[in-house]
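The values are calculated or read from the model by the stated rules, or taken from the named source; none is laboratory data. Please read all numbers here as calculations on a predicted model, not as lab measurements. Cβ coordinates were reconstructed from backbone atoms using ideal geometry, including for glycine residues, and neighbour counts include every protein chain displayed.
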Number of protein chains: 2
Amino acid sequence: MGALRLPSSPLSLLLSPSTPILRSSPTLRLLRPSLSGGGGGGAPGRGGVSARSLTKDAAAAAAAAAAAAEGADRKPSSSSGYEGSVTPRSVDFNAWYLDVIASAELADYGPVRGTMVIRPYGYAIWEAIQDFLNVKFKETGHSNMYFPQFIPYSFIEKEASHVEGFSPELALVTIGGGKELEEKLVVRPTSETIVNHMFTQWIHSYRDLPLMVNQWANVTRWEMRTKPFVRTLEFLWQEGHTAHATLEEAEEEALQMIDIYTNFAYEQAAIPVIPGRKSRVETFAGANRTYTIEAMMGDRKALQAGTSHNLGQNFSRAFGTQFTDENGQRQYVWQTSWAISTRFVGGIIMAHGDDAGLMLPPRIAPIQVVIVPIWKTADEKAGVLDAVASIQQVLKTAGIKVKVDDSEQRTPGWKFNFWEMKGIPLRIEVGPRDVTNRSVVVSRRDIPGKPGKDFGVSMEPSSLVDHVKRRLEDIQSSLLQRATSFRDRLMNPAREGAALCNKIFLF
Amino acid sequence: MGALRLPSSPLSLLLSPSTPILRSSPTLRLLRPSLSGGGGGGAPGRGGVSARSLTKDAAAAAAAAAAAAEGADRKPSSSSGYEGSVTPRSVDFNAWYLDVIASAELADYGPVRGTMVIRPYGYAIWEAIQDFLNVKFKETGHSNMYFPQFIPYSFIEKEASHVEGFSPELALVTIGGGKELEEKLVVRPTSETIVNHMFTQWIHSYRDLPLMVNQWANVTRWEMRTKPFVRTLEFLWQEGHTAHATLEEAEEEALQMIDIYTNFAYEQAAIPVIPGRKSRVETFAGANRTYTIEAMMGDRKALQAGTSHNLGQNFSRAFGTQFTDENGQRQYVWQTSWAISTRFVGGIIMAHGDDAGLMLPPRIAPIQVVIVPIWKTADEKAGVLDAVASIQQVLKTAGIKVKVDDSEQRTPGWKFNFWEMKGIPLRIEVGPRDVTNRSVVVSRRDIPGKPGKDFGVSMEPSSLVDHVKRRLEDIQSSLLQRATSFRDRLMNPAREGAALCNKIFLF
């Protein structure tokens, strides 16, 4: 553990549970460790809550986090679209982040302090995350379902470290249908307690195991310092919950899910996350082990981007979730839970964005290609728009997400900046001369200026589709490569490795 | 209006907004009608709340609804699977409904009274509804997004009829992060108020219109009489919200969405709903017009299965949602909202189920075909399971949702009953003789006994796939036809038409 050299391929990042590291780990055998620190240092297990520096020691990191949080509630400079530029990252990373969110219309502030409205463009990124993970969850044997969001307050108190970790940040319903309620209801901050209440009714024998479910839902944590996507009072997530007959199976499941998150981060989001295990103090309130993926952001801070918990028998003992094993003995089930939230959208913004704005990996971009027609005369306009319509159709048919910006309110130059700020991976420019030559100009978002442009790309359908698909793949791997170099440079063991090792245990 | 002959094709059910009926309607011009009755008679606009009889007069309907509600909170007879039979519908329709929900593991009661856990099989039906509608919403220009669920109490009070309709059934958060809140927060019962708060910030000129969004979300209404899927304290739904420059556009949108719901009900759910307009007293609290689809259930009661509201300028005036029109004048936007909820799952159960249990239309069935292998000796077993595996692969490759039940705990006879109870449209039986003959037996869920069986269906892949696909289509149309005859028989104008006309205005 704590190896300083980081693997760069996601596939080699995780060891199977049968590897010596896990087998020899003493903590894995502790069934109910005292997790008294589980609730400290920010809310645990939120699929990402702590904003910590990978590059400084603990004290400096705390100072940096406080400084970052300071600007967190400031209003974005504009709530109604793009005004031509965003604050440079080097001037104020947090201001840049909020500017990008406002200008690209990713999210807005809700009327209740700390809440966020996820606007269509931001939500489409979340949908891309959902679409990919939902398939993976089902492929690995999980079923979606839905648990109620109102949890009797007494449930939260049943698992000692859980109540300690979560009680400071609960929202409570005390009035329903005009009447004071006899028992306060917790608006779910996470669902382990209600899940176990139901599992106890559904699980009878070993034949009912493993029980593997997931829900896509909203959750509420009363956070004092909020920041769009990264930390909000209400957020969206998926939470997986499983019950198994043995510790080994639960451990394997917890690792499988952090592996799925790791692969998603690498292959779809182009973020070279570092999977590892949380220190005791940052372990989820109620878990024996918390696995995490940590992502390097543009401000050199780490973002917890997803977590997977081996819950041991903590909740099954608290809720009496037992099964009859093959020998007729009653046993407590072994459990896991795992989550990724809308915080991941914030991670994508901060991992790839630059001073021109958002930069989206093609595989999760709601729009992969924007076509900007350029004309001066009415004559030119007709020919250009004709060509643009046919290019749009060709790309759409090939399964490429394409948008045409033919509005007449704005100049082509303004549109170039605008769609760059929105992070669209590729732009196709079509002017009168291109129509004559039956060719177009293709510009990459990730390489500014002339080096990122392909001139004279043929309009011939199959060759255009080939070109665009190849370029999108180039951008996808280039973003991953760039983020990986950035991460590795900062995590040079001679400089920063030691600090990281204090935070998580690497595989 | 009030025509007694009902069209049987969904395509002809809706008139365009330019038809005389709509143009001549005086109510459409009333901008803020007094909707004092809007909150009476059950919660309005929930994508279905009132349980009313199509076949009796108002007083009798109320008595019937009360009787139905009486058994609503009784626990299902078993929460852990199938015990061999369900209460016959003729004995007690409500008991039958609850038995089916428990036996088919569609849902369970949550720990808080009136809440429901949607189990994987029930949730998969909801996912089928989502998958279809989500595509239709996007095709018609709507974007998904997400609004926070906590709404300042003062928002609810801004639209007079809205507060009157909803205030009796609100859940209120009064404590957050351990502190009493200065302003109580409403857990959304619907989102018109918060949507308008945001629309007011986003809409500036006519160029920002139409603004057309949708969210998939949970909502809370503090209901006293609950029933799984049909009426629960928390439920899942989609709520569409749009803003337009003119009344005509808003009306067109409201009609378009009820048309999409109607088509979904007919073509996917095989439910011949009747679209129409709600009477004044049942119009959504805050709307000028509420369009509805009403479905006939097996107990001869009507279920409101989806609604679409023309909100006029009620909310835009209350929240100051204005735009600058092409002449530079400030105008209030015209709005719609529309919803379908998990109640629709209850509608599917009650529209098609019989005394053997659930009966699912193939297009929304999570499992379309179950394969039951039959063997006695170990020798037979190997051959049968081999054949079954290859059939499963063939059907799966053809895009058919197939499940094999090869468990050894249960007899084939038990499995037949079990999967019939779960409503699987088709069963394939494979025994040793079938393996020898390279053929299988295919049984339809909707036609009991021998008439529903095809013997000697060839195992040859393409012919088997053809057979299965054809049979699934047969079942789909047969369910719609059966439901349509049932509805039309009950709605014979000589007997019941007059009562129906008191409830909704037909197109």
> For the stretch A:388-507, list the helices (runs of 4 or more DSSP H) that sit wholly inside it and hold at least 1 residues that are at pLDDT 95 or above and in contact with a helix residue (DSSP H, G or I) (Cβ under 8 Å, 6 or more places away or on another chain); which are they?
Replying inline: A:412-421, A:432-437, A:461-490
>> For the condition assigned by TED's automatic domain parsing to the domain that holds A:Asn144, under 29 Å from A:Ala124 (Cβ atoms) and aromatic (Phe, Trp, Tyr), what is the one hit in A:Trp338, A:Trp419?
In response: A:Trp338
> Which residue, of B:Asn218, B:Asn144, is surrounded by fewer than 20 Cβ atoms within 10 Å (Cβ to Cβ), under 28 Å from B:Ile118 (Cα atoms), in contact with a Leu (Cβ under 7 Å, 6 or more places away or on another chain) and within 12 Å of chain A (Cβ to nearest Cβ)?
Replying inline: B:Asn218
> What strands (runs of 3 or more DSSP E) lie completely within the stretch A:209-326 and have 3 or more residues being in contact with a Lys or Arg (Cβ under 6 Å, 6 or more places away or on another chain)?
Replying inline: A:289-296
> Which members of the stretch A:479-490 meet the condition of being surrounded by fewer than 16 Cβ atoms within 10 Å (Cβ to Cβ) and either polar (S, T, N, Q) or within 18 Å of A:Ser443 (Cβ to Cβ) (or both)?
Replying inline: A:Gln481, A:Ser485
> How many residues does the stretch B:147-195 hold that are facing another protein chain (nearest Cβ under 7 Å), within 20 Å of B:Trp216 (Cα to Cα) and assigned to a helix (DSSP H, G or I)?
Replying inline: 1
> Residues A:Ile293, A:Ile274: which one is within 12 Å of the chain's Cα centre (by Cα) and either aliphatic (A, V, I, L, M) or at pLDDT 95 or above (or both)?
Replying inline: A:Ile293
> Does A:Gln409 count as without any contact (Cβ under 8 Å) to a residue 12 or more places away in the chain and within 14 Å of chain B (Cβ to nearest Cβ)?
Replying inline: yes
>> Return the residues of the stretch B:346-387 that are in the same structural domain as B:Val91 (by TED's automatic domain parsing) and either among the hydroxyl-bearing types (Ser, Thr, Tyr) or more than 24 Å from B:Asp474 (Cβ to Cβ) (or both); say none if nothing qualifies.
In response: B:Gly346
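Return a yes/no flag: does the stretch A:241-257 have any residue that is within 20 Å of B:Phe235 (Cβ to Cβ) and buried (at least 19 other Cβ atoms within 10 Å of the Cβ).
No - not one qualifying residue is present in the stretch A:241-257.
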> Of the residues B:Ile203, B:Ile175, which is surrounded by fewer than 24 Cβ atoms within 10 Å (Cβ to Cβ), in contact with a Phe, Trp or Tyr (Cβ under 6 Å, 6 or more places away or on another chain) and over 30 Å from B:Glu127 (Cα atoms)?
Replying inline: B:Ile203
> Give me the pairs: first residue in the stretch A:468-486 and among the small types (Gly, Ala, Ser), second residue in a helix (DSSP H, G or I) and at pLDDT 95 or above, beta-carbon distance under 6 Å, and six or more apart or on different chains, which are they?
Replying inline: A:Ala483/A:Ala351
> Out of the stretch A:109-118, which residues are free of Cβ contacts under 8 Å to residues at least 60 places away in the same chain and either touching a Cys at 6+ places or on another chain (Cβ under 6 Å) or surrounded by fewer than 22 Cβ atoms within 10 Å (Cβ to Cβ) (or both)?
Replying inline: A:Pro111
> Among the numbered criteria (1) under 15 Å from A:Leu311 (Cβ atoms); (2) within 11 Å of chain B (Cβ to nearest Cβ); (3) touching a Pro at 6+ places or on another chain (Cβ under 8 Å), which single criterion is violated by A:Thr242?
Replying inline: (2)
